[in-house]
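Report on one structure; see the data block that follows.
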Ligand code: KG4
Ligand code: ZN
């Protein structure tokens, strides 16, 4: 089946043409052509995504990105069999641009337009290059817009175990970076500073230097659920900065120390909940999706789980599939599409989709 995937839930305009084959047991995907336009430069000066600007940029970019994906794929428009478009979760004005574009194209090509869930997309982003998910699986989804733990007993039983009650983890990285005067997106900047701090603190040449390490909370680490909260951690950083530098002028060393302790606190929280979910649900696969998995420390700490759980398969998407993209939307749509006919009572995938903030039905 030749699929067109469309993704505009946040600040990436993405279109992908994917050839999907097989049933739920023998899924296989091949990317024929994929194109993406990132709006990072547009949102940089706001320190985060500005929905009205995102909408305008998506409207401008969609025809261009679609043309590019089609060109790369080498197929004709008329060969597209179905269109899957992200309907949520995401920024509503941004989502509608993709949906409107998909519906117009669907009418023109006389092909069905079917809603797809963004989080299922991140979850299945590991299914490329022949990788397979063995069930049960746990998915840790971490990005600028989401922080979730999901349990997949199989493709028909997907349950959200917990999610952030306020800021997403990537959003917290971005906000703390802003407090430190670092550019958007802040995640890579914070992790660069944190790594420098760790190097310095372990270097013999700086032995004896007095490092004033702050101590930030590990939010909700003792709560008995799988929810997260990063807003308190962000506020703790803010108060700490106000205390040590009332004029707002932090030294480079202070910035490094804050970045390091913040990164440790955020990652420890993610790891703690993930480990609890592993102990409770004994998954065969751990999936990690979303832009924050670019974080080197998080990646290393997660891979270390194999020391305790050697049989746990840890699946991390290829780099271009970690951040928002339309290839994962094509895959999510296809899986949902295979799932739905047998699931009149509502599949896990359908429930996930219903939790998206738009419902096209
Ligand atoms: O998946 P993504 O591209 O977009 C969303 O759906 O949000 O994730 C972007 C987020 C940003 O918040 C960014 O700061 C964060 O991922 N990020 C990182 C790193 N690289 C990107 N966070 C921590 N460490 C990193 N190295
Ligand atoms: Zn995302």
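General observations
- Filtering 277, 259, 266 for residues that are at pLDDT 95 or above, over 16 Å from the mean Cα position of the chain (by Cα), within 20 Å of residue 185 (Cα to Cα) and not in a strand (DSSP E or B) leaves a single hit, 259.
- Being without any contact (Cβ under 8 Å) to a residue 60 or more places away in the chain and either within 13 Å of the chain's Cα centre (by Cα) or within 16 Å of ligand 1 (Cβ to nearest atom) (or both) is a property that residue 148 has.
- Look at (1) closer than 23 Å to residue 340 by Cα; (2) within 13 Å of ligand 1 (Cβ to nearest atom); (3) over 14 Å from the mean Cα position of the chain (by Cα) and you find that residue 122 fails only one, number (3).
- Annotation note: Cβ proximity below 6 Å between a residue of the stretch 13-41 that is free of Cβ contacts under 8 Å to residues at least 24 places away in the same chain and a residue that is assigned to a strand (DSSP E or B) and surrounded by 13 or more Cβ atoms within 10 Å (Cβ to Cβ) (sequence gap 6+ or interchain) occurs for 19/2; 19/32; 30/19.
- Note on the stretch 300-319: among residues that are touching a strand residue (DSSP E or B) at 6+ places or on another chain (Cβ under 8 Å) and in a helix (DSSP H, G or I), the one that is farthest from ligand 1 (Cβ to nearest atom) is 306.
- Note on the stretch 176-199: residues that are on the phi > 0 side of the Ramachandran plot and touching a helix residue (DSSP H, G or I) at 6+ places or on another chain (Cβ under 6 Å) amount to 0.
- Condition met for residue 36 (closer than 20 Å to residue 88 by Cβ, away from ligand 2 (no atom under 16 Å from the Cβ) and either over 20 Å from the mean Cα position of the chain (by Cα) or at pLDDT 85 or above (or both)): no
- Restricted to strands (runs of 3 or more DSSP E) entirely inside the stretch 1-100, those with at least 3 residues that are out of contact with any helix residue (DSSP H, G or I) (no Cβ under 7 Å at 6 or more places or on another chain) are 12-21, 28-38.
The values are calculated or read from the model by the stated rules, or taken from the named source; none is laboratory data. Source: prediction; values computed, not measured. Cβ: placed from backbone, ideal geometry, glycine included. Neighbour counts: every protein chain shown.
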